[in-house]
Amino acid sequence: MSAQITLFGPDSLAAVHEAEMPQKDQLCGAFWGCVALRAFGIRERAGEPVDQDHVAREARSTLVGPGHDPGLPPSEASRLDYRLELPIAPDAATSGTASGAVARAVRTLSDGRLAVVPVAGPWTAESVVTLLERVAAAAPDAVLVANLRTGRLWGSRPSPALVLGQLAGAAADGPEPDWDEGHFVSLSMLIRSAGGSLVGVRDTYPSLGHQGNHLQPPVAVAAALRRDDGHGGGVLCVCASEREAAVVEALGDAGFALEDWDNGSADAA
């Protein structure tokens, strides 16, 4: 069986991602804002490091109060080494970071060097593959930050037989999801064969998959982006500003809605 593999993001993305894990509690959006900025070479601004806390402050992220469940996957411990004091959400259900706020923080902290194109759907297995193909042609070094529901993904350790079966076109149920939360990840690769496709996911916790990397079928990624829990999901395409117009044209021509979505977290803007 032959397969074609397409990778996304700058060459340094994998190393930056590995070094930054795990995310700090409630900062998955800020984690990916930080990783995207650093992967494009933006590591400080006005003498302050570009880190999860800096992005969180710019995005006005909020934390859950004491006694509330921080929403960690099994076997992960809390990471609470915040450099900055971040506000507590008045309502735990609206804590975290709004998707539009992540986009604004990346634009601001890059001083306009980076653009962020929001994609709100529609989400099917076919459209997920189309998104990746279109971005690969327009901006192959883009960082694709997906805001989704983890409870609609496969578990992060599918068997080799299941993975190969997916590429061969066999329909099968995957392992039960590891956890069920609204979450930010990155779509890191597209693997295509004559029979089927797989999407590579970079996560924020090393316990998921292999050091935070796992494979998902497009149908599971689409279901996770649709969420079906009353909130929206989508993908933030972070790219060099000079490639923004090409990404907008490529995705707009394919019928994607290029707009923000409501992921349930309050947006202070």
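The values are calculated or read from the model by the stated rules, or taken from the named source; none is laboratory data. Computed from a predicted model, the values in this text were never measured in an experiment. Methodologically, a virtual Cβ is constructed for each residue, glycine included, from the backbone with ideal geometry; neighbour enumeration extends over all protein chains shown. These area figures cover heavy atoms from the full protein model, side chains too; ligands, DNA and RNA do not enter into them. Shrake-Rupley method; radii C 1.70, N 1.55, O 1.52, S 1.80 Å.
A few points about this structure:
- Each residue in the stretch 58-96 was checked for being buried (at least 20 other Cβ atoms within 10 Å of the Cβ) and out of contact with any strand residue (DSSP E or B) (no Cβ under 8 Å at 6 or more places or on another chain), and 2 of them qualify.
- Within the stretch 21-41, one or more residues are surrounded by fewer than 18 Cβ atoms within 10 Å (Cβ to Cβ), farther than 21 Å from residue 266 by Cα and over 17 Å from the mean Cα position of the chain (by Cα).
- Applying the condition of being outside any strand (DSSP E or B) and aliphatic (A, V, I, L, M) to the stretch 197-237 and asking which residue is most open to solvent (accessible area, probe 1.4 Å) yields 219.
- Just one of the listed residues (195, 151) is at pLDDT below 95 and over 27 Å from residue 39 (Cβ atoms), and it is 195.
- Verdict on residue 248 being under 15 Å from the mean Cα position of the chain (by Cα), of a type in the set (A, V, I, L, M) and buried (at least 16 other Cβ atoms within 10 Å of the Cβ): no
- Taking every residue in the stretch 40-60 that is at positive phi and pairing it with any residue that is open to solvent by 40 Å² or more (accessible area, probe 1.4 Å), at least 6 positions away or on another chain, the pairs with Cβ-Cβ distances below 8 Å are 41/12; 60/87; 60/267; 60/268; 60/269.
- Residue within the stretch 163-182 that is on the phi < 0 side of the Ramachandran plot, open to solvent by less than 20 Å² (accessible area, probe 1.4 Å) and of a type in the set (Val, Ile, Thr) present: no
- Selection count where residues are among the polar types (S, T, N, Q) and open to solvent by less than 10 Å² (accessible area, probe 1.4 Å), scope the stretch 97-147: 4
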